[in-house]
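Colleague: Got a structure for you, questions after.
The values are calculated or read from the model by the stated rules, or taken from the named source; none is laboratory data. This structure is a prediction, so every number in the text was calculated from the model and none was measured. So basically every Cβ, Gly included, is an ideal-geometry build from the backbone, and we count neighbours across all protein chains shown.
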Amino acid sequence: MSEKKIKNVFIEGPISSQFIGDSIAKHQSKKAIGAHAIFAGQVRADEIEGKTVSAIEYSAYEEMANTKFHEIREATFGAFELSCMHIYHSLGTVATGEICLFVFVSAPRRKVVFKALEFVVEEIKANVPVFGKEIFTDESHQWKVNS
Amino acid sequence: MSEKKIKNVFIEGPISSQFIGDSIAKHQSKKAIGAHAIFAGQVRADEIEGKTVSAIEYSAYEEMANTKFHEIREATFGAFELSCMHIYHSLGTVATGEICLFVFVSAPRRKVVFKALEFVVEEIKANVPVFGKEIFTDESHQWKVNS
Amino acid sequence: MNLNIKYFGVLAEITKCSEETLSFSEGTVGELLAVLQAKYPALGTKDFQVAHKQEIVTKDTKITNPEIALLPPFSGG
Amino acid sequence: MNLNIKYFGVLAEITKCSEETLSFSEGTVGELLAVLQAKYPALGTKDFQVAHKQEIVTKDTKITNPEIALLPPFSGG
C-alpha cells in the first residue's frame, strides 16, 4: 500500500451529468491522453413483486469504503497503464434515472481503458462496503443485493 | 441488414464535453437503464521525429462510413443486450486535447456494457473509412495509421 | 476493552441502532458474535461479514482494535 | 461506362484530386487499377483498398457500379 492520501469518493445525492461533462473537460489540457472510458451506474425503476423502485438510499461504512476505493485505485494503476482515474459514489437518496456511481479512466492508448474500467467497477461491486436500500413507490423498502 | 434509416454519425469539428454530458442527461428519463459506458477518443500531442502533433484533420468516405457505422450498430445490438447506442465522429480539424470520437452504450445491467463498448470502438477503428491527417506545430503533416 | 460495534443496512434495522459500545473481554470475532447473537437473535438469520481494522476477517481473528463493523452483502454502484 | 473514382487521404495527394470521372470499358477492379497506376505511378508505392458499392472488394471483382473509391489505411477514432 502506498502512503498517498486517501480521498473521499462519496458525494451527497446523485451525480449530475454536468459533473461528468465537467470532469471530461478538465482532462482536455492533458495532451498525452488519447482515450477516456467512463462508467455511470444509473438507478433502475425495477419492478419487484408488483412494486416499483422509486429511489435507492445509499449508506456506507465510509472509512473502510474510502480505504477500499484507495486500494482499488492503487491496484488498477499497478495493473494498467493509465494516466488518470476518478471514482465517485453517491450517499443518501438517488432517484431512479439518476446516477449513483461514476468511474472515469484515461490512458495514452485505448486498449487498456476497457479492461481497466471493468476491473474498477467489478472491484467496487465486490469489495466496497456500500449498502443500497431500494425504496418503493409505496414507501416500503428492501435491501439491495448486487448480482 | 435491417431497413432502418442510416444516421449521420459525423460532427463538424471537435465533440464538446458538454455534448457528452447532455447525452447522458437525455438518458435519465429511461428508467430501465442501469449502466452506461462511454468511450471518448482524444487527440494526443504525439511527438514524432522531433515534431509535435497540434491537431488531426479528419476526412471520410462519408456514405460508406455511415453505412459501416450502421452495420456496426446493428451487429452490436445483435450481440449484446443494450438499451441504447450512440456514435459520433468528428470531421475536419480537431486540436490536441479535443475529442474526436464519442461512443455511448447503455443497458439494463452492467456486465454487457464493457464488452459492447470495446466491440464498437474496435469495429470503428478496423472497418470505417475515416482518415486522419496529423498536423504538426510546424504545419507539416503525416497521415495517421491506426495501431 | 470497550468495543465500538457498527451496524449497517438491514443489520442496523435488527439492532435498532447504527452503533453501540460494548464491554468485551479479550477474545475472537467468533466469541463476540456469540455475544451479539444472544442479544439480537435475528442476526442469526442474516448473511453478513465482520470488518476489523477495515478488513473482512474470519471468526478466529483475535480482536485487537476497538472498532468492529457488521456488514451485510455489499450493494454499491 | 463512366466511372467516378474517389481518392482519400494520401492517395488524393498523389492524384492531386479528390475525385475524377474516367471512361472504362467493362472489367475488373484489377484492370481498373492497372489503368490508374499507369496514370499515377506513385499509387503503386502506397497501401490501399478498393471500395465498390461501399464494400471492400478484391481485384477480381467485376465493376458493375460507377462509383469506385480508393481508400488508404483507416485511422478513425
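Colleague: Output the residues belonging to segment B:5-23 that are buried (at least 18 other Cβ atoms within 10 Å of the Cβ) and free of Cβ contacts under 8 Å to residues at least 24 places away in the same chain.
Modeller: Answer for segment B:5-23, where residues must be buried (at least 18 other Cβ atoms within 10 Å of the Cβ) and free of Cβ contacts under 8 Å to residues at least 24 places away in the same chain: just B:GLY21.
Colleague: Let me ask something additional. Kindly indicate the residue of segment B:121-144 that is facing chain D (nearest Cβ under 9 Å) and of a type in the set (Gly, Ala, Ser) and also surrounded by the most Cβ atoms within 10 Å (Cβ to Cβ) among those meeting that condition.
Modeller: Step by step, filter segment B:121-144, then rank; the result is B:GLY132.
Colleague: If we keep just the residues of segment A:43-88 that are aliphatic (A, V, I, L, M) and part of a strand (DSSP E or B), which is nearest to C:GLY76 (Cα to Cα)?
Modeller: A:ALA60
Colleague: On to the next question. Looking at segment C:52-77, which of its residues are more than 9 Å from chain A (Cβ to nearest Cβ), in contact with a Leu (Cβ under 8 Å, 6 or more places away or on another chain) and β-branched (Val, Ile, Thr)?
Modeller: Selection gives C:ILE63, C:ILE68.
Colleague: Run A:HIS27 past the list (1) of a type outside the set (Val, Ile, Thr); (2) in contact with a Pro (Cβ under 8 Å, 6 or more places away or on another chain); (3) crowded, with 18+ Cβ neighbours inside 10 Å; (4) facing another protein chain (nearest Cβ under 8 Å) and report the number of the one that doesn't hold.
Modeller: Only one criterion in (1) of a type outside the set (Val, Ile, Thr); (2) in contact with a Pro (Cβ under 8 Å, 6 or more places away or on another chain); (3) crowded, with 18+ Cβ neighbours inside 10 Å; (4) facing another protein chain (nearest Cβ under 8 Å) is unmet by A:HIS27, namely (2).
Colleague: Another question, if that's okay. Looking at C:GLY44, is it without any contact (Cβ under 8 Å) to a residue 60 or more places away in the chain, loosely packed, with under 14 Cβ neighbours inside 10 Å and not charged (D, E, K, R)?
Modeller: yes
Colleague: May I pose another question? Please tell me if A:LYS115 is basic (Lys, Arg), surrounded by fewer than 24 Cβ atoms within 10 Å (Cβ to Cβ) and under 17 Å from A:GLU12 (Cβ atoms).
Modeller: Answer is no for this residue.
Colleague: Given the conditions (1) in contact with a Gly (Cβ under 9 Å, 6 or more places away or on another chain); (2) closer than 22 Å to B:ILE72 by Cβ, which single one is not true for D:THR61?
Modeller: (2)
Colleague: In the set B:VAL103, B:VAL113, which member is of a type in the set (A, V, I, L, M, F, W, C) and out of contact with any helix residue (DSSP H, G or I) (no Cβ under 8 Å at 6 or more places or on another chain)?
Modeller: On the way: B:VAL103 fails: out of contact with any helix residue (DSSP H, G or I) (no Cβ under 8 Å at 6 or more places or on another chain).
When all the criteria are applied, what remains is B:VAL113.
Colleague: With A:ALA45, A:ALA37 as the choices, which residue is surrounded by fewer than 24 Cβ atoms within 10 Å (Cβ to Cβ) and at the interface with another protein chain (Cβ under 7 Å from one of its Cβ atoms)?
Modeller: A:ALA45
Colleague: A further question on this structure: Please enumerate the residues belonging to segment A:93-126 that are of a type in the set (Asp, Glu) and assigned to a helix (DSSP H, G or I).
Modeller: A:GLU118, A:GLU122, A:GLU123
Colleague: Can you confirm whether segment D:18-30 contains a residue that is within 14 Å of another protein chain (Cβ to nearest Cβ) and either within 30 Å of B:ILE135 (Cβ to Cβ) or at pLDDT below 95 (or both)? Before the answer, list the steps.
Modeller: Keep residues of segment D:18-30 that are within 14 Å of another protein chain (Cβ to nearest Cβ), which gives D:18-19.
Still in the running and either within 30 Å of B:ILE135 (Cβ to Cβ) or at pLDDT below 95 (or both): D:18-19.
Yes, because at least one residue in segment D:18-30 is within 14 Å of another protein chain (Cβ to nearest Cβ) and either within 30 Å of B:ILE135 (Cβ to Cβ) or at pLDDT below 95 (or both).
Colleague: Only one of these conditions is not met by A:ALA65: (1) crowded, with 16+ Cβ neighbours inside 10 Å; (2) of a type in the set (Gly, Ala, Ser); (3) closer than 26 Å to B:SER83 by Cα; (4) away from chain B (no Cβ under 14 Å). Which number is it?
Modeller: The one condition A:ALA65 does not meet is (3).
Colleague: Another question, if that's okay. Hey, B:LYS51 hits all of (1) among the basic types (Lys, Arg); (2) surrounded by fewer than 19 Cβ atoms within 10 Å (Cβ to Cβ); (3) more than 20 Å from A:ILE33 (Cβ to Cβ) but one; which does it fall short on?
Modeller: Every listed condition holds for B:LYS51 apart from (3).
Colleague: Taking segment C:1-16 as the search range and keeping residues that are assigned to a loop (DSSP other than H, G, I, E, B) and either touching a residue at least 40 places away in the same chain (Cβ under 8 Å) or surrounded by 12 or more Cβ atoms within 10 Å (Cβ to Cβ) (or both), which one is farthest from the other protein chains (Cβ to nearest Cβ)?
Modeller: The qualifying residue farthest from the other protein chains (Cβ to nearest Cβ) is C:MET1.
Colleague: Additional query: Would you pick out the residues in segment B:68-110 that are closer than 15 Å to B:ILE33 by Cβ and either more than 11 Å from every other protein chain (Cβ to nearest Cβ) or aromatic (Phe, Trp, Tyr) (or both)?
Modeller: Of everything in segment B:68-110, those that are closer than 15 Å to B:ILE33 by Cβ and either more than 11 Å from every other protein chain (Cβ to nearest Cβ) or aromatic (Phe, Trp, Tyr) (or both) turn out to be B:PHE77, B:PHE80, B:GLU81, B:LEU82, B:CYS84, B:MET85, B:HIS86, B:PHE104.
Results for (1) closer than 23 Å to A:PHE69 by Cβ; (2) assigned to a strand (DSSP E or B); (3) among the basic types (Lys, Arg), shown as yes or no for each residue.
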residue: C:THR21; (1), (2), (3): no, yes, no
residue: C:GLY30; (1), (2), (3): no, no, no
residue: C:LEU33; (1), (2), (3): no, no, no
residue: C:ALA38; (1), (2), (3): no, no, no
residue: C:ALA42; (1), (2), (3): no, no, no
residue: C:ALA51; (1), (2), (3): yes, yes, no
residue: C:ILE56; (1), (2), (3): yes, yes, no
residue: C:ASN65; (1), (2), (3): yes, no, no
residue: C:ILE68; (1), (2), (3): yes, yes, no
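Colleague: Now for a separate question. For segment C:53-77, which residues satisfy the criterion of being more than 30 Å from A:VAL94 (Cβ to Cβ), of a type outside the set (S, T, N, Q) and surrounded by 15 or more Cβ atoms within 10 Å (Cβ to Cβ)?
Modeller: Residues satisfying the conditions are C:VAL57, C:ILE63.
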